[in-house]
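The values are calculated or read from the model by the stated rules, or taken from the named source; none is laboratory data. Quantities reported herein were computed from a predicted structural model and do not represent experimental measurements. For neighbour counting, all protein chains shown are included, and Cβ atoms are generated from backbone atoms with ideal geometry for every residue, glycine included.
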Amino acid sequence: MSEGKRSAGRPRDAEAAGAIKAATLKLVRERGYEAVSIAAIASEAGVARQTLYNRWNTKADLVLDAVFEETGRYASAPLNDPAQTSRMLLERFLVQVFEHLAENGDTIRALIAAAQENNGFREIFRKRFVNPREEIVTDLLKRAQERREIGQDCNINMLSSFVHGAFWYALLNGDTLDKDFARNIAVEIFRSDRKSSGQG
């Protein structure tokens, strides 16, 4: 096949993939993860089932991919703005994450359940969804330590784990994830005694 023919197919491939992911999110939000089949997604997207299987091995892989793309609009790393404190940056980031979870919380809870049943999928879920968010928070806290907004002897990796543990626990238990919760987490992480620790 010539390069020209391959190039001509790319827009159609991208269009089909976009339609499939949009249909996936729509149906999962309307019906719930378990009630949505590959056949239903294909029908909603107007493509053959084989088109889906050519790109994704399982329904979980497809839903995860669709969620990842959606997440990119909500959970980007906060800019290192010198005019804002690290506490403010953390709070803003968490609000963005919570806005996404408010829209896709049921889907993500279903993906977490699927990850417990499949070791391969659990690894993908952690690598592509969990780890990037942990890295964003860890990097933010490291910068806060460099700016002496957190004590030099604070364990940054542990504090990052506390942040994620708080909202994952809340998500799994159906608790409210909102601006107040984001603020409470940020306030706790940047308590005055953490700031003063390790500074003589």
Quiz item: Taking L172, is it surrounded by 15 or more Cβ atoms within 10 Å (Cβ to Cβ) and among the aliphatic types (A, V, I, L, M)?
Solution: no
Exercise. Among what's in the stretch 124-149 and is farther than 20 Å from L171 by Cα and without any contact (Cβ under 8 Å) to a residue 40 or more places away in the chain, pick the residue that is nearest to the chain's Cα centre (by Cα).
Key: T138
Quiz item: Looking at F121, F98, F129, which one is more than 30 Å from P82 (Cα to Cα), surrounded by 14 or more Cβ atoms within 10 Å (Cβ to Cβ) and of a type in the set (A, V, I, L, M, F, W, C)?
Solution: F121
Self-check item: Odd one out for L62 among (1) out of contact with any Phe, Trp or Tyr (no Cβ under 6 Å at 6 or more places or on another chain); (2) not assigned by TED's automatic domain parsing to the domain that holds E134
Solution: (1)
Practice problem: Write out, first by first residue and then by second, each pair whose Cβ atoms fall under 7 Å of each other, whose residues are 6+ apart or on separate chains, and whose first residue, in the stretch 168-196, is closer than 22 Å to R109 by Cα while the second is in a loop (DSSP other than H, G, I, E, B). | Solution: A170/L177; L171/L177
Quiz item: Is it the case that some residue within the stretch 91-102 is touching a Gly at 6+ places or on another chain (Cβ under 6 Å) and either among the hydroxyl-bearing types (S, T, Y) or part of a helix (DSSP H, G or I) (or both)?
Solution: no
Exercise. Would you check if A42 is modelled with pLDDT of 80 or more, surrounded by 14 or more Cβ atoms within 10 Å (Cβ to Cβ) and out of contact with any strand residue (DSSP E or B) (no Cβ under 8 Å at 6 or more places or on another chain)?
Key: yes
Quiz item: Picking from A110, A186, which residue would you name as being outside the structural domain of V36 (by TED's automatic domain parsing), assigned to a helix (DSSP H, G or I) and within 30 Å of W56 (Cα to Cα)?
Solution: A110
